[in-house]
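Quick note: the coordinates plus some simple rules give every number you see, no bench work behind them. On a predicted model such as this, the values are computed, not experimentally measured, just so you know. When we count neighbours, we look across all protein chains shown, and the Cβ atoms used for this are built from the backbone with ideal geometry, even at glycine.
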Amino acid sequence: MKVGEGISAFFPAYNDAPSLPGLLRRAFAALEQATDDFEVIVVNDGSRDGTAAVLERMRQELGPRLRVVTHENNRGYGGALRSGFAAATRDLVFYTDGDGQYDPAEIHLLLERWTPNVGLVNGYKRLRQDPWHRILIGRVYNGVARLVFRIRIRDIDCDFRLIRRSLVENLHLESTSGTICLELVRKIEMTGCEVAEAAVNHYPRLYGRSQFFRWRSLLCTAWQFARLYIRLVLVPAVASAAQSLSSRAPGAHRKPAA
C-alpha cells in the first residue's frame, strides 16, 4: 500500500563508498513501493575515499531522483543531518546512516505506524550488532540521556526515523556531533506531537569504522550534551519556576483599581 504523501529519504555518508551502491538500490526499490513521489539525497560529508566517484556512478544508474549534497570538509554527524533536512523537499523525511547498519527497505515498518497526528516514527533496534564495548557505551548513553532529558522513546541512538518535514523545519537544530539525535528527539517531544515507535533490524558494520567512538568525538559529544542540558532542561525549568513564583506573589492576581 502506498502513502499519499511524498518522501524525502536522505543518508549522511562519510567514507561509505563500499556500502552505498547496495544501500541506494534497496532504498529506491522500497520507496517505489511506498509512494509515487520521492527523492533520495546523500550528504557526502567530506569523504576522503571513493564516495564521490561512487555517487556519480549511482546518479547515472538511478537517475535524477538521486541528489548529492557535498561538504568539502567534514562537518560531523550533526552537520550532515542538518544539511539533509535542509535539502529535503517532500512532506515526510526519512533518514538512516550510509554505513549499511540499517536496511532502508524496512521503511515500511515506520510507514505502518504513520498517522496524520504523528510527527515522528522512531525505530528501535531489535538486537544491536556491534562490538561489546560499543553496546555498553550505547546503553549507558541512552539510559542517561533518557533520564536527564525525560525522553519517552526507548532508543535515542537508533538512526532510523520518519519525520514530518514541517515539524523539523521549526526545530532550529544546532548540534554538530552525534548529540543531534538527542536534540532532535527532545525538541520533537517538546512540541507535544504524537510519537510512535517500530522495531527494526540492526546489522554488523562491514566497512570502515565509526567516527563516534574516538576521543575527539566523545569529548565534543560530552560538551554538546552539557550545552543541550542547559538549553533544553535547565533554562526551561528555571523559567517555569520563576513564572510560578511570580504568579504566587502577593497582588499578582489583584484586579487593577477602577
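Take the alpha carbon atoms of the chain, find their radius of gyration, then divide it by 2.2 N^0.38 Å using N residues; give the quotient. Let's see the in-between values first.
On the way: Rg = 20.2 Å, N = 258, 2.2 N^0.38 = 18.1 Å.
Expressed relative to 2.2 N^0.38 Å, the Cα Rg reads 1.11.
Give me the net charge of Gly6's neighbourhood, meaning all other residues with Cβ under 10 Å from the Cβ of Gly6; Lys, Arg count +1, Asp, Glu -1.
Here the count lands on -3.
Alpha carbon centre of region 90-121 versus region 154-195: separation in Å?
If we compute the Cα centre of each part, the gap is 13 Å.
Would you mind counting up the charge near Ser175? Only other residues with Cβ under 10 Å from its Cβ, with Lys and Arg at +1 and Asp and Glu at -1.
That works out to 0.
For a quick check of your reading of the filter: which GluC sites (Glu not before Pro) in region 52-94 sit in a DSSP loop and have no more than 14 other Cβ atoms within 10 Å?
Working: sites: Glu56, Glu61, Glu72; in loops: Glu72.
Loop-located and lightly packed - Glu72.
Which ³J(HN,Hα) values, rounded to whole Hz and listed in residue order, are derived for region 106-121 from phi using the Karplus coefficients 6.51, -1.76 and 1.60 in 6.51 cos²θ - 1.76 cosθ + 1.60 with θ = phi - 60°, glycine and proline given as x?
Here the 3J(HN,Hα) series is 7, 4, 4, 5, 6, 5, 5, 9, 7, 9, x, 8, 8, x, 8, 10 Hz.
Name the chymotrypsin sites (Phe, Trp or Tyr not before Pro) in region 99-136 that are in a loop by DSSP and that have at most 11 other C-beta atoms within 10 Å, would you? Show your work: numbers first, answer last.
On the way: sites: Tyr102, Trp114, Tyr124, Trp132; in loops: Tyr102, Trp114.
Loop-located and lightly packed - none at all.
Looking only at the chain, where both bridge partners belong to it, what percent of the DSSP beta bridges are antiparallel (to the nearest 5)? Don't skip to the end; give the middle numbers.
Working: 8 of 32 bridges.
Rounded to the nearest five, the antiparallel share is 25 percent.
Per-residue counts of other Cβ atoms within 10 Å, averaged by peptide: what ranking do you get for 145-152, 11-18, highest first?
11-18, 145-152
Test of understanding: what is the full-extension gain from Leu136 to Glu32, defined as 0.36 nm times their sequence separation minus their Cα-Cα distance?
Numbers: separation 104, 0.36 × 104 = 37.44 nm, distance 3.74 nm.
So the chain would gain 33.7 nm between Leu136 and Glu32.
Under a Cβ-only charge scheme (Lys and Arg +1, Asp and Glu -1), can you give me the dipole magnitude of the chain about the Cα centre, in debye to the nearest 20?
In total the dipole reaches around 1100 debye.
Rounding to the nearest 20 debye, state how big the charge dipole of region 96-175 is about its Cα centre with +1 on each Lys and Arg Cβ and -1 on each Asp and Glu Cβ. List each step's numbers first, then the result.
Working: 13 positive and 11 negative charges, 94 e Å.
Taking the Cα centre of region 96-175 as origin, the dipole is about 440 debye.
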